[in-house]
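Novice: Got a structure for you, written out below as structure tokens; questions coming shortly.
The values are calculated or read from the model by the stated rules, or taken from the named source; none is laboratory data. All values derive from a computational prediction rather than experimental measurement. We place every Cβ from the backbone using ideal geometry, glycine too, and count neighbours over all the protein chains shown.
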């Protein structure tokens, strides 16, 4: 069974320490990435900044992350 991970970044909190990593839920297909974005108040720019922070967290940390 494959491992799944969930990365969470919140608007206004853009330090790497603010990106949370937890166990994720299984995808329909293996080797798949899903991005779930609540855009209630997020702009496109803020969304892209948060995605970049998640990318930095993945790059800076060990793999697999947990």
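Novice: Looking at the range 57-66, which of its residues are surrounded by fewer than 10 Cβ atoms within 10 Å (Cβ to Cβ) and closer than 13 Å to residue 19 by Cβ?
Specialist: Result: 59, 60.
Novice: Filter the range 4-25 for residues that are assigned to a loop (DSSP other than H, G, I, E, B) and at pLDDT 85 or above and give the result.
Specialist: Result: 4, 9, 10, 11, 12, 13, 15, 19, 24, 25.
Novice: Applying the selection to the range 57-66, what residues are free of Cβ contacts under 8 Å to residues at least 40 places away in the same chain and assigned to a loop (DSSP other than H, G, I, E, B)?
Specialist: Within the range 57-66, 62, 63 qualify.
Novice: Between residues in the range 25-36 that are within 13 Å of residue 3 (Cβ to Cβ) and residues that are surrounded by fewer than 10 Cβ atoms within 10 Å (Cβ to Cβ) and modelled with pLDDT under 85, which pairs lie under 7 Å by C-beta distance while being six or more apart or on different chains?
Specialist: Close Cβ pairs (under 7 Å, with a partner that is surrounded by fewer than 10 Cβ atoms within 10 Å (Cβ to Cβ) and modelled with pLDDT under 85) amount to 30/2.
Novice: May I pose another question? Kindly provide the set of residues from the range 38-56 that are loosely packed, with under 12 Cβ neighbours inside 10 Å and either assigned to a helix (DSSP H, G or I) or within 10 Å of the chain's Cα centre (by Cα) (or both), ordered by number.
Specialist: Those that are loosely packed, with under 12 Cβ neighbours inside 10 Å and either assigned to a helix (DSSP H, G or I) or within 10 Å of the chain's Cα centre (by Cα) (or both): 44, 45, 48.
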